[in-house]
Every structure is written in C-alpha cells, then in structure tokens.
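Starting off with a structure, shown below.
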Amino acid sequence: MKIKMNKTRNPYPVEIPDQVSSRYYGKGNFKYGFSAILLLLLFLALSYPCCADYPGTDSYSNNNINSGIINNIPSGDKFLRKSLKNGTKILVQEKPGTGLVSAEIIIKVGLMQEMDTVAGITNIIQNMLMQEKINDVPLNQWMEEDGCILSVTAQEDYARISLLAPRDSFRVNFKRIIQVLKDPQFPEDTLEKEKKKEVGYIENSSSAMQSINEIFLQNFYRFHPYRQPVYGYKQTVERLTVDNLKEYYNKYYTGNRITVSVAGDVTGADVLDLCDKLLSDIPRKDGDNVDIPWEAVAQEKKVFLMTGSNIAWIYVGFPAPGIKSPDYPTMRVIESMLGEGLSCRLFIELREKEGLAYELASQYPQLEGPSYMVLYVVTTPEKIGRARKKLFQEIRRIKTDLVSDDELQSTKRKVLGKFLLDRETNSSRAFQSAFFSSLGLNYDYGSNIQAKIQNVTPEDIRNTARKYLDNQTLLIIQPNPPSPFDL
C-alpha cells in the first residue's frame, strides 16, 4: 500500500496571529472658536486610523501590539471582513508597498464528504481546475504568462487554491480563477489523463515510511473517513467519471463552504467590491454536515516489510485533540517536548544517552475532527526491544512527573518560535485567516492558541498527558524474516 504523506498534509498549517485591537474613534467637544476648531482638525488628522470603514464590513487597524504575542496582522495594516449573502466569507488584509498580492480560497470539503466510494475525488477535482481552459488557454498557462504562481491542494478537511500575483496582474487573474471555479467543464479526456497520472503516483511513489503511515491510519481510525489517503485508492480513482465529478462539485463547492482571504498590496474596499460582484451568485446549499462518532482503541501489530536494509521502526500513535479543542495548545507543547527537535526528550534519552535510534520524530496534524500524535523511532532489529522500553518509559514519565519550569519554558519558546518563523509571508497570513474562518472560528483564533500555549503549566502537561496518552496504536516494523530456503 502506498502513502504520499507530504503531498497534502503540512503538520503545522496554522500560524499564530496577534490580538487585533478595535478601532478607536475619539470625540471632541470644543466650543472656543476658530483656534479650537483648528486644534480639533489637527487632532483628528493625527489620531484617525489608517483607512475609513467600508460599509457592511468589520474593520480593524492593528496599531496596538501586545508584547510577546506573534502578530498575524502587522502594525499599521488594515483588516476587513465581510460575509456575502450566499454565506461566502471574504477577508482582506492591506499591506501597502509590497507590490505583491496573495489570495487563498478555501473550500470546506474533504475526507468527511468523500467516504469510501469516491475516495480521491477532491484531489482530482483540484488538479483538474488548474487545467480548465479560458479562450482555449489552460488556467495555469494564463498564470504563468502573467508572472503569477497558482497552486492547488486537497487536504483532510478542505480544498485549497492559492494565488501569488504581482499587484498589477492580481485583479485579472483572480477573475480567471473565479470564472473557472464557478463553471468548470471537467473534459473527459482531461479526466482520463489525470486519473492515469494519479494512479501512476499511487503505484510507484511509495517509501517504507509512507507505507507505515498508511498502515497506521487504517488501524488507528478504523471506520472513520480520516483513515483514507487524500489522493484515494487505485480502484476508486479509476472508477471516477465526469458525472461523479459534477455531482460532487455541485453538492459541495457551494457559496457557504467558500472562504476567500486576500493579503498584500491592495485596497480592501476594492477587493470586497470585486468579491461581491464575482462570488455572490454562487449557490448556497445547507445541510450535509457529517459527524461520525469515534474513539481510540488500544492495539498492537507487528509488520514485516520486504526490504534489503537492516532497519526497524517503532511507530506509536495516540488520540489527540483537534484544532478546536481547548486541549490543543497543551497537547502541542507535549508533542514538542517529547519528539520535536534536538532538545526533545526522546532525542536526548534514546539517541544521545543510549544510542538506540538512527532517527526519531513526532507528528501532530491539525485536524478539525479527532487527531493523533505519532512518535516514531528508527533503529535496528536487535535494539528494538530496548528502544520500545525506553520510549514508553518517557511516555509514563510525562504522565506521572511534573515537568521542570526550565524545560517547559524552553519548549514553549521552541513551539512559538516555529510558528513565527514559518509564517512571515502574505500567503501564510492569508491562509491563516482563511483556515480558521473556514472552520467556523474567528479569523484570529490563533491568538487564543498562542496565549494558551504561553499559559500552559506543569500541571496542565501532566493532566493532558494522562487524558490522551493512552489507547495507543503501536506498530513494530521489522525487515521480512528470512525464508527457510534462505537459511
């Protein structure tokens, strides 16, 4: 079985923005003649925020930076948001002088809508949108000729269209994207080519680690849609028809599932007007929300891989809170403390002190539904017993002993620093706002996450570890044992 771990999943797709201050309008009450009027006008000119409000929108100017909080809206930039009549959400962040504009379009559709029968359909649709033609020219060719970068992905909880454009060509190319989004044709010949390409990928681009991850997801999630790879299976992709694509697209690519976020060298009011004209007539369709109950079940499996190397893996996953959960910030700190970077506990205890690991790491994807935290160790078959014992000693220790304040503060700095370093561009800020809004959260929900990370205590670490670090799915992966005929 094949896995494409990095094609569609970024383990840290969420950046942590700052608190956004509300705009303040002072009122003066002057009654002392012409000089006082001049003073009043001077006061208003100096204190009035950077831009006027746009009718029907919420507007924020972030001129009050809360020390220590990573800022999603840099000082002086203006942020506007608006909901269209069909439920489409529009978010705009002005950043004058950069010469570039980023646009992120998030469609709230993914594995929860696909189920088994059409697994991989969202990924196929996203790839085909890039190849839709306007005046016989493919969309991606239009973008290239205008110096733009267009990319698409399908992830567990959403589909994503990303545009990075020079300021002067943003408007026309954004219109092209919306034109395609509103009326895709899905030509039969293009579908067949895309299916063949995707099946070839599924069959030929696997690695041992990818295969292990797929085995883990199948066992961990069992009946839950998250067990499926976002690119589907060979048999489901091969069965897809143009009618399947059109039915699925019309059902889920609807106005109330779309969030558009624009950041860069734009005028917010102009972007809101443009989006209102282009997007308001996309139909709204309510309902079809899927909620599948799920709980983790403890299990252990031994897997043998056909490989010529003398390598073994310990791959253990625990249930973990989704991005909306109040436990998410603490669990993120736990994951980093155990398995992220050269300063984590597993690296120090298993590799540095005991020499039991070639490689080790952690993974904690940000999902709307039930998530998981994976810890894995790459070692040799003869060391696998000792490495497993030491790994579970560290898991028990974080559940029983209070972490020291020095280690906790160091881990917090590591987590928050990673958020900051990974999110310095217009594209990342636009995605940040769209991601949270598409989940029904406030666009600056990340500021709450960051504040909670800063406030995590040793008791929080221990209590959350006790709550989640149980009912693990454990895979022990070893090279295929020799055949009796080889002895």
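Pick from 385, 369, 355, 341: which is within 30 Å of the chain's Cα centre (by Cα), more than 22 Å from residue 220 (Cα to Cα) and either aliphatic (A, V, I, L, M) or not in a strand (DSSP E or B) (or both)?
341
Given (1) under 25 Å from the mean Cα position of the chain (by Cα); (2) free of Cβ contacts under 8 Å to residues at least 12 places away in the same chain, identify the lone condition not met by residue 277.
Status for residue 277: all satisfied but (1).
Return the total of residues in the stretch 182-222 being assigned to a helix (DSSP H, G or I), hydroxyl-bearing (Ser, Thr, Tyr) and under 24 Å from residue 125 (Cα atoms).
2
I'd like the residue in the stretch 359-377 that is small (Gly, Ala, Ser) and out of contact with any Asp or Glu (no Cβ under 7 Å at 6 or more places or on another chain) and, out of all such residues, is surrounded by the most Cβ atoms within 10 Å (Cβ to Cβ).
Among those that are small (Gly, Ala, Ser) and out of contact with any Asp or Glu (no Cβ under 7 Å at 6 or more places or on another chain), it is 371.
OK, next. Consider residue 124 carefully, then state whether it is at pLDDT below 95 and farther than 23 Å from residue 275 by Cα.
Answer is no for this residue.
Residue-wise test of (1) crowded, with 16+ Cβ neighbours inside 10 Å; (2) free of Cβ contacts under 8 Å to residues at least 40 places away in the same chain; (3) of a type outside the set (Ser, Thr, Tyr).
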{"site": "413", "(1), (2), (3)": "no, yes, yes"}
{"site": "417", "(1), (2), (3)": "no, yes, yes"}
{"site": "421", "(1), (2), (3)": "no, yes, yes"}
{"site": "427", "(1), (2), (3)": "yes, no, no"}
{"site": "435", "(1), (2), (3)": "yes, no, yes"}
{"site": "438", "(1), (2), (3)": "yes, no, no"}
{"site": "442", "(1), (2), (3)": "no, yes, yes"}
{"site": "461", "(1), (2), (3)": "yes, no, yes"}
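Being surrounded by fewer than 18 Cβ atoms within 10 Å (Cβ to Cβ), in contact (Cβ under 8 Å) with a residue 12 or more places away in the chain and in a strand (DSSP E or B) narrows it down to one residue among 304, 318; which is it?
Checking each option against the conditions leaves just 304.
If you don't mind, another one. I'm checking my understanding of the structure. Among residues of the stretch 156-171 that are of a type in the set (Ser, Thr, Tyr) and closer than 12 Å to residue 107 by Cα, which one is surrounded by the most Cβ atoms within 10 Å (Cβ to Cβ)?
So the residue we want is 158.
Considering 403, 456, which residue is over 30 Å from residue 158 (Cβ atoms), surrounded by 14 or more Cβ atoms within 10 Å (Cβ to Cβ), at pLDDT 95 or above and touching a Pro at 6+ places or on another chain (Cβ under 9 Å)?
Of the residues listed, the single one that is over 30 Å from residue 158 (Cβ atoms), surrounded by 14 or more Cβ atoms within 10 Å (Cβ to Cβ), at pLDDT 95 or above and touching a Pro at 6+ places or on another chain (Cβ under 9 Å) is 403.
Are there any pairs, at least 6 apart or on different chains, whose C-beta atoms fall under 6 Å, with the first in the stretch 237-248 and assigned by TED's automatic domain parsing to the domain that holds residue 196 and the second of a type in the set (D, E, K, R), and if so, which?
What qualifies is 237/195; 237/198; 242/188.
Starting from the stretch 466-487, keep only residues that are within 21 Å of residue 319 (Cβ to Cβ) and in the same structural domain as residue 212 (by TED's automatic domain parsing), then list their pairs with residues that are part of a strand (DSSP E or B) and modelled with pLDDT of 95 or more whose Cβ atoms are within a distance under 9 Å, requiring at least 6 positions of separation or different chains.
Nothing qualifies.
For the subset of the stretch 80-120 comprising residues that are of a type in the set (D, E, K, R) and in contact with a helix residue (DSSP H, G or I) (Cβ under 7 Å, 6 or more places away or on another chain), which member is nearest to residue 428 (Cα to Cα)?
Going through the qualifying residues, I end up with 104.
Here's something else I'd like to know. Does the stretch 282-293 contain any residue that is out of contact with any Cys (no Cβ under 8 Å at 6 or more places or on another chain) and farther than 30 Å from residue 85 by Cα?
Yes: the stretch 282-293 contains one or more residues that are out of contact with any Cys (no Cβ under 8 Å at 6 or more places or on another chain) and farther than 30 Å from residue 85 by Cα.
Additional query: Tell me which residues, restricted to the stretch 244-276, are in contact with a helix residue (DSSP H, G or I) (Cβ under 7 Å, 6 or more places away or on another chain) and acidic (Asp, Glu).
Answer for the stretch 244-276, where residues must be in contact with a helix residue (DSSP H, G or I) (Cβ under 7 Å, 6 or more places away or on another chain) and acidic (Asp, Glu): just 265.
Would you be able to tell me the number of residues in the stretch 401-444 that are in a helix (DSSP H, G or I), touching a Leu at 6+ places or on another chain (Cβ under 8 Å) and not small (Gly, Ala, Ser)?
Of the residues in the stretch 401-444, 1 are in a helix (DSSP H, G or I), touching a Leu at 6+ places or on another chain (Cβ under 8 Å) and not small (Gly, Ala, Ser).
Restricting the stretch 212-235 to residues that are surrounded by 17 or more Cβ atoms within 10 Å (Cβ to Cβ) and among the polar types (S, T, N, Q), which is nearest to residue 305 (Cα to Cα)?
Filtering first and then ranking leaves 213.
To keep it simple, each residue is scored yes or no on (1) farther than 30 Å from residue 173 by Cα; (2) in the same structural domain as residue 425 (by TED's automatic domain parsing); (3) of a type outside the set (S, T, N, Q).
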{"residue": "263", "(1), (2), (3)": "no, no, yes"}
{"residue": "291", "(1), (2), (3)": "yes, no, yes"}
{"residue": "304", "(1), (2), (3)": "yes, yes, yes"}
{"residue": "313", "(1), (2), (3)": "yes, yes, yes"}
{"residue": "318", "(1), (2), (3)": "yes, yes, yes"}
{"residue": "364", "(1), (2), (3)": "yes, yes, yes"}
{"residue": "367", "(1), (2), (3)": "yes, yes, yes"}
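Working carefully through the options 284, 332, find the one that is basic (Lys, Arg) and in contact with a Ser or Thr (Cβ under 9 Å, 6 or more places away or on another chain).
Within the list 284, 332, the selection yields 284.
The values are calculated or read from the model by the stated rules, or taken from the named source; none is laboratory data. Quick caveat: nothing in here was measured; it's all calculated off a predicted structure. Cβ coordinates were reconstructed from backbone atoms using ideal geometry, including for glycine residues, and neighbour counts include every protein chain displayed.
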